[in-house]
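As structure tokens, the structure follows; a few thoughts come after it.
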Amino acid sequence: MGAQLRVYKRRIRSVTATKKITKAMEMISASRIMKAQRAVAASSPYADELTRAVTAVATKSNAKHPLTTEPEHAVRAAVLVITADRGLAGGYSTNALKAAVQLSERLKAEGKQVDMYAVGRKAVGYFGYRDQPVVQAWTGFSDKPTYQDAKTVSATLIDAFVTETEKGGVDELHLVSTEFVSMLTQNPVDVRLLPLSLAETQENAKEQGPFPLYDFEPSAEGVLDALLPRYVESRIYNALLQSAASEHAARRRAMKSATDNAGELIKSLSRLANSARQAEITQEISEIVGGATALADANAGRD
């Protein structure tokens, strides 16, 4: 019994140490969620107004621009998937990767070749394990992205979009990220960034109300040249911030669940340890009583 009791005590110490780690990670994630939410709230007005301005140029002018013109026969599409650099975040990265794989299969079914771009070590590891090529990957900032990170990512994607497909360019640019809805709900979403979908932008414009009168200087094409790269940057930056908030929320929820499970396991092991200790005490008492009885019988025999 002594050996079994030592095993239980050793497991209790191990689970208690793990519980301290998961509790600390839960508290860290909880503190970072608030900062991530504030960053999302701060970037959203800029992204919304920029989208509104791009929509106005695309729908209220007769400008023909490659970033707003649907290709007749799209043959290649770029997919950017945003995941986490670290694990212990529940199904956050897995859900985003599943959405990216489903989008890739849908594009391939349409006869398009898919070039994969990845943000986060989880995506890099996922595609690397399956020997699926990734054109370019960015890591190290998934939980705290900056606008410069979004600029770096968007510059590569815009270069690929404006390059002819015969030279390795793409006809479409898709984004797979995680939308932060609440502390308990984070949904993977996929959107097409380029070319700009005029039907979608017109529908969004109706929801936002009538446009003011615009005068484009020097020309509508020149305005699109200046605005659309900023539009892509703002959309990717907002997606990075939303994904970061979702990562922290998912990690907090996962660590809280791990902490609760560790507490339940400690209670169960403590009951088993108490039972083992009681059994050991009972056995010792039985041995003492048995020894005393045997000694009394021996003394009575001599008498």
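The values are calculated or read from the model by the stated rules, or taken from the named source; none is laboratory data. The shown structure was predicted, so the numbers you read here are calculated from the model rather than taken from an experiment. Positions of Cβ are backbone-derived with ideal geometry, glycine not excepted, and every protein chain shown enters the neighbour counts.
Annotations for the structure displayed:
- Flag if S257 is modelled with pLDDT of 90 or more, surrounded by 22 or more Cβ atoms within 10 Å (Cβ to Cβ) and polar (S, T, N, Q): no
- For the residues A262, A258, A273, A254, the requirement of being hydrophobic (A, V, I, L, M, F, W, C), in a helix (DSSP H, G or I) and within 14 Å of the chain's Cα centre (by Cα) singles out A254.
- Selection within segment 165-214: residues that are farther than 30 Å from H248 by Cα and among the hydrophobic types (A, V, I, L, M, F, W, C). The member of this set that is modelled with the highest pLDDT is V170.
- Restricting segment 148-167 to residues that are in contact with a helix residue (DSSP H, G or I) (Cβ under 6 Å, 6 or more places away or on another chain) and surrounded by 17 or more Cβ atoms within 10 Å (Cβ to Cβ), the residue that is farthest from G91 (Cα to Cα): I158
- In segment 16-67, residue surrounded by the fewest Cβ atoms within 10 Å (Cβ to Cβ) [restricted to those that are of a type in the set (S, T, Y) and at pLDDT 85 or above]: S31
- Taking the criterion of being surrounded by 11 or more Cβ atoms within 10 Å (Cβ to Cβ) and modelled with pLDDT of 80 or more, the only residue of segment 282-303 that qualifies is T282.
- Residue within segment 260-280 that is within 30 Å of T69 (Cβ to Cβ), surrounded by fewer than 17 Cβ atoms within 10 Å (Cβ to Cβ), modelled with pLDDT under 85 and aliphatic (A, V, I, L, M) present: no
- Verdict on A244 being at pLDDT 80 or above, touching a Leu at 6+ places or on another chain (Cβ under 8 Å) and in a helix (DSSP H, G or I): no
- Yes/no for V232 being in a helix (DSSP H, G or I), buried (at least 22 other Cβ atoms within 10 Å of the Cβ), at pLDDT below 90 and in contact with a helix residue (DSSP H, G or I) (Cβ under 7 Å, 6 or more places away or on another chain): yes
- Among the criteria (1) crowded, with 21+ Cβ neighbours inside 10 Å; (2) assigned to a helix (DSSP H, G or I); (3) not polar (S, T, N, Q), the one V81 does not fulfil is (2).
- Selection count where residues are farther than 24 Å from A47 by Cβ and either in contact with a strand residue (DSSP E or B) (Cβ under 6 Å, 6 or more places away or on another chain) or assigned to a helix (DSSP H, G or I) (or both), scope segment 144-170: 3
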